[in-house]
Amino acid sequence: MRHPRPLADSEREVMRNAIAPLLRDMGVSGAIVPEVRYEAHADEGRDGSREGVHAWITANGITGMGVWIPTGESPLAEQVWWLADQLQEWEVEELCQAGRSATWPQCPEHPDSHPLQPDVEGEGNAVWRCPKSGQISCPIGASGISHG
């Protein structure tokens, strides 16, 4: 979209609820925290679905990346997981451009090795998980993560 569409209040609330735990983790860990613009730059999501909410994230106000979460039947944990995957991708790029270690969030079980992966555990818990051991490090939004 050449001209982004401002999100409706209900769309803003959905996005705010889903992105809040991630912004908390980014801030606590010393990562680069994006500015969130509540506007849609596209009409459909990563999965080709049109049922979802978009936002735009940027670190410098000039370049950025669109993020998207599904709505409808998607529980909050799934929405957080979708955003975690996208924000992690964005964070790695931003850290690399800043000349910092691009491992975020760092796995406390294997420091300086690999980042944790977002996952959904059970019904309703978005978590950070070690990709090697499979162990849950902490819930997404908890202050148990660090930057490499």
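Here, each number is a calculation from the coordinates, and none is a lab measurement. These figures come from a predicted structure and were not determined experimentally. For neighbour counting, all protein chains shown are included, and Cβ atoms are generated from backbone atoms with ideal geometry for every residue, glycine included.
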Total charge dipole magnitude, region 31-126, about the Cα centre, Cβ charges on Lys, Arg, Asp, Glu only, Debye to nearest 20: 360 debye
Value of [θ]222 nm, deg cm²/dmol, for the chain, DSSP H segments ≥ 4, -39500 (n - 2.57) each, nearest 500: -10000 deg cm²/dmol
Total formal charge among the other residues, if their Cβ is under 10 angstrom from that of Cys107, Lys/Arg +1 and Asp/Glu -1: 0
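If you add up the charges near Trp81, with Lys and Arg at +1 and Asp and Glu at -1, over every other residue whose beta carbon is less than 12 angstrom from its beta carbon, what do you get?
Working: positive: Arg129; negative: Glu78, Asp85, Asp119, Glu121.
Around Trp81, the charge tally is -3.
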³J(HN,Hα) computed for each position of region 60-77 - Karplus, 6.51 cos²θ - 1.76 cosθ + 1.60, integer Hz, glycine/proline x: 10, x, 9, 9, x, 9, x, 10, 8, 10, x, 10, x, 7, 6, x, 4, 4
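Taking only C-alpha pairs under 8 Å that are 6+ residues apart, what is the relative contact order of the chain in percent? Walk me through the intermediate numbers first.
On the way: 281 pairs, mean separation 32.8, N = 148.
Contact order relative to length: 22 percent.
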Spin-label model distance (nm) - Ser113 vs Gln97, 7 Å beyond Cα toward Cβ: 3.1 nm
Selection from Asn60, Pro21, Ala102, by position along the positive dipole direction of the chain (Cβ): Asn60
Environment charge of Thr63, counting only residues whose C-beta is closer than 11 Å and scoring Lys/Arg +1, Asp/Glu -1: -2
Longest DSSP-loop-exposure-free segment, GluC sites (Glu not before Pro), the chain, at most 13 other Cβ within 10 Å: 1-43
Interchain or long-range residues, amide H under 5 Å from Cys138's placed H: Trp128
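Where a ≥ b ≥ c are the square roots of the eigenvalues of the C-alpha gyration tensor, would you call region 52-115 rounded, which needs a/c under 1.5, or, failing that, prolate if a/b is larger than b/c, or oblate? Write out the running numbers ahead of the final one.
Numbers: a/c = 4.66, a/b = 1.33, b/c = 3.51.
Taking the square roots of the gyration eigenvalues as a ≥ b ≥ c, region 52-115 is oblate.
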Which labelled figure in [x] 15.6; [y] 18.3; [z] 16.0 is Kirkwood radius over Cα pairs in Å, once derived from the coordinates: [x]
